[in-house]
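The values are calculated or read from the model by the stated rules, or taken from the named source; none is laboratory data. Everything quoted here is computed from the prediction, not taken from an experiment. A quick note on method: Cβ atoms are made from the backbone with ideal geometry, for glycine too, and the neighbour counts reach across all protein chains shown.
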Amino acid sequence: MKKTILIAVIAMIAMASCNKTVKSPFARKVADYAVVEFETPDLSGISDNGKEVLNLYRFIADEVDAIYWEQYFGSKDSLLNGITDPYQKTFAEINYGPWDRSTGKSFVDGYADCLPGAGFYPADMTKAEFDAWDNPDKNSPYTLIRRAADGSLETVWYHDAYKQHIDKIANYLTAAADITIKPSVKKYLLAKADALRSDNYYESAMAWLDMDDSKMDLVVGPNEAADDQLMGNKRSYEAFVLLKNEERTAELMQYVSRINEFQQDLPGDEAYKTFQPGAGSNIFSCNALYYAGKANAGIKVIALNLPFDADVQRDRGTRTILLENVIDAKYNHIVYPTGDVLLESDAKQHLSRDAFFWNIVFREVAHGLGVKETVNGKGSVEDALGSAAPTFEEIKANAAGVLLVCKLQNHYDIRHLFTKEDALVTFFASLVRSERFGEGSSLGRTGIIIYNYLQEAGAFQRKESGKYSLDLAKMEAALSDLTALVLKTQATGDSEFAANFEKRYSKRSANYDADLMNLGIENIPADIRFK
């Protein structure tokens with residue numbers, strides 16, 4: 001009888017052991033990205049030809065995604081096939097590699113931490129070696145740096161490195177151009193095919209800005225240099241497939257004619273804000289249908305201001321695109337809950353979705369302001385500031401953007417939508433949530449720098465309760481000082497100051513870790529991912 005009982009007990013223990021699920025250490029990391037499923041888009045105003053064009057845009061985006069995996073990391077299959085933990089695999093898919101984008105640290109055995117130059121440069125190349133190398137193409141945003149057979153450095157153009165994918169994309173673009181009924185779309189698609197095959201993007205950028213009569217938009221190509229934290233100039237492939245909100249776009253377009261007026265509203269020396277954006281600038285409000293490549297890696301952008309080509313910006317202008325459904329998702333899932341947890345009650349009442357939207361509008365507008373060339377003969381701002389250039393550009397856009405919104409309250413009748421206090425409080429809540437992206441990302445580092453600068457200026461206090469009280473007057477003044485400082489640094493190309501400033505202010509504080517814990521307790525995600 002005792003033997004029978006013992007066997008039964010052992011069997012029960014074995015069954016319990018078999019049924020026990022070991023929770024993955026990556027489950028929490030994956031949960032930090034809230035899954036968002038957008039409503040099926042309204043395609044009633046799009047012709048059958050247009051719907052087929054939209055399908056081709058999706059095929060293009062898939063090829064761009066494949067390029068980006070190769071560009072940033074290497075072989076996607078070799079990485080994912082070697083991971084057995086499904087949560088760890090999902091986290092690798094979110095980050096497009098074995099490195100946590102918030103820290104740059106590896107989370108997969110067998111891989112070292114991410115190099116500052118990602119996959120753009122040889123792993124053993126030093127900055128000194130690069131600087132001493134005499135090659136006219138080395139600073140192009142569209143070349144990879146590789147080791148030749150003899151160990152020396154050589155350049156490889158993007159269109160050669162990714163030729164198989166580029167040829168497919170160009171064929172899809174040509175097919176879409178053949179069936180579209182809009183001349184402006186046809187011109188853009190053919191120009192983009194030529195650009196991808198040659199890495200000369202001026203004409204396609206001009207054609208894109210001229211394409212303002214289509215309900216659909218395709219943003220595709222190597223656009224931003226945020227992944228290159230070594231030299232700050234190699235651009236990453238990405239794609240956005242978008243559907244325009246024509247009513248909201250018409251509302252926003254009234255501000256385009258005032259772009260030079262906004263330039264003059266910026267603080268600081270007049271010599272540091274002399275750039276005159278082209279008259280062809282426009283603002284679109286869109287819903288995102290598809291993200292691919294850099295756009296889909298880690299943190300999801302909520303707005304665009306393109307192209308980055310200073311010649312195009314001068315000759316024609318820029319296009320600002322607000323991604324409405326992504327903005328709403330981020331506000332509802334992250335920004336408002338962050339403010340609700342971390343702000344004292346008198347500040348919480350100023351959280352506003354409208355303020356968040358308009359802060360984003362003018363953050364993107366601010367990208368096209370300031371200067372693009374240094375005023376003292378040091379060349380472009382990008383070349384002069386080097387690896388600090390992307391971070392300083394983001395600081396400028398974020399700080400100047402909310403300042404412009406505050407000034408907008410004085411110039412135009414939008415007080416019925418939100419107040420200046422709403423704009424500043426909502427900006428701060430968004431700033432705190434962006435710190436969670438970590439110093440390993442340009443966006444996270446920007447948030448940390450602005451946060452530390454505002455703290456030094458006495459713009460807020462973090463109480464023992466973990467709640468923030470805000471001094472909005474000091475905040476506005478500090479943002480003005482910071483904007484003027486960044487504009488001066490960009491205009492003078494002061495790379496030494498930029499490097500020292502970034503080093504001083506980009507350190508995570510104890511507040512960061514405490515906020516992270518409080519937001520984690522409340523299960524507030526750091527960002528979103530698409531279903």
Among the candidates Leu304, Leu323, residue that is within 22 Å of Tyr202 (Cβ to Cβ) and either among the hydroxyl-bearing types (Ser, Thr, Tyr) or touching a strand residue (DSSP E or B) at 6+ places or on another chain (Cβ under 7 Å) (or both): Leu304
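Within region 427-477, restricting attention to residues that are hydroxyl-bearing (Ser, Thr, Tyr) and touching a Lys or Arg at 6+ places or on another chain (Cβ under 8 Å), which residue is modelled with the lowest pLDDT? Reasoning before the result, please.
Here is the first cut: in region 427-477, the ones hydroxyl-bearing (Ser, Thr, Tyr) are 430, 434, 441-442, 446, 451, 453, 465, 468-469.
Restricting the remaining residues to those that are touching a Lys or Arg at 6+ places or on another chain (Cβ under 8 Å) gives 441, 468-469.
Numbers: Ser441: 74, Tyr468: 97, Ser469: 97.
Residue satisfying both the conditions and the ranking: Ser441.
How many residues are charged (D, E, K, R) and buried (at least 18 other Cβ atoms within 10 Å of the Cβ) when one looks only at region 187-198? Don't jump to the end; show me each part of the working.
First, pick out the residues of region 187-198 that are charged (D, E, K, R): 187, 192, 194, 197.
So of that shortlist, the ones also buried (at least 18 other Cβ atoms within 10 Å of the Cβ) come out as 187, 192.
The total comes to 2.
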Filter pass, Leu342 being under 30 Å from Asp471 (Cβ atoms), over 15 Å from the mean Cα position of the chain (by Cα) and of a type in the set (A, V, I, L, M): yes
Filter result for Ile414 (at pLDDT 95 or above and within 22 Å of Gln263 (Cα to Cα)): no
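Out of the residues in region 475-484 that are aliphatic (A, V, I, L, M) and touching a residue at least 40 places away in the same chain (Cβ under 8 Å), state the one that is surrounded by the fewest Cβ atoms within 10 Å (Cβ to Cβ).
Ala484
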Residue match in region 108-118 (condition: more than 25 Å from Ala161 (Cβ to Cβ), of a type in the set (A, V, I, L, M, F, W, C) and either at pLDDT 95 or above or assigned to a helix (DSSP H, G or I) (or both)): no
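Quick check on Ile145: is it assigned to a helix (DSSP H, G or I), under 27 Å from the mean Cα position of the chain (by Cα) and surrounded by 17 or more Cβ atoms within 10 Å (Cβ to Cβ)? Let's see the steps before the verdict.
On the way: assigned to a helix (DSSP H, G or I): no; under 27 Å from the mean Cα position of the chain (by Cα): yes; surrounded by 17 or more Cβ atoms within 10 Å (Cβ to Cβ): yes.
Taking the combined requirement at face value, the residue does not satisfy it.
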Region 69-91 - residue that is within 21 Å of the chain's Cα centre (by Cα), of a type outside the set (S, T, N, Q) and in a helix (DSSP H, G or I) and, of those, farthest from Tyr158 (Cα to Cα): Phe91
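Out of Glu439, Glu421, report the one residue that is crowded, with 16+ Cβ neighbours inside 10 Å and touching a Gly at 6+ places or on another chain (Cβ under 9 Å).
Glu439
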Qualifying residue in region 139-153 (condition: in contact with a strand residue (DSSP E or B) (Cβ under 7 Å, 6 or more places away or on another chain) and farther than 23 Å from Trp69 by Cβ): yes
Enumeration of residues in region 244-287 that are under 19 Å from Val371 (Cβ atoms), in contact with a Gly (Cβ under 7 Å, 6 or more places away or on another chain) and small (Gly, Ala, Ser): Gly278, Ala279, Ser281
Of the criteria (1) buried (at least 18 other Cβ atoms within 10 Å of the Cβ); (2) part of a helix (DSSP H, G or I); (3) in contact (Cβ under 8 Å) with a residue 24 or more places away in the chain; (4) not aromatic (Phe, Trp, Tyr), which one Asp228 fails: (2)
Residue that is farthest from Lys407 (Cα to Cα), among those in region 473-531 that are over 24 Å from the mean Cα position of the chain (by Cα) and not in a helix (DSSP H, G or I): Glu522
Any helices (runs of 4 or more DSSP H) falling wholly within region 349-467 and containing at least 1 residues that are polar (S, T, N, Q) and without any contact (Cβ under 8 Å) to a residue 40 or more places away in the chain: 389-411, 420-435
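Residue under question is Asn359, and the condition is that it be modelled with pLDDT of 95 or more and either over 15 Å from Ile450 (Cβ atoms) or crowded, with 17+ Cβ neighbours inside 10 Å (or both); does it hold?
So Asn359 fails the test.
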Test set (1) closer than 27 Å to Val53 by Cα; (2) in contact (Cβ under 8 Å) with a residue 60 or more places away in the chain; (3) more than 24 Å from the chain's Cα centre (by Cα) - Phe130 fails condition number: (1)
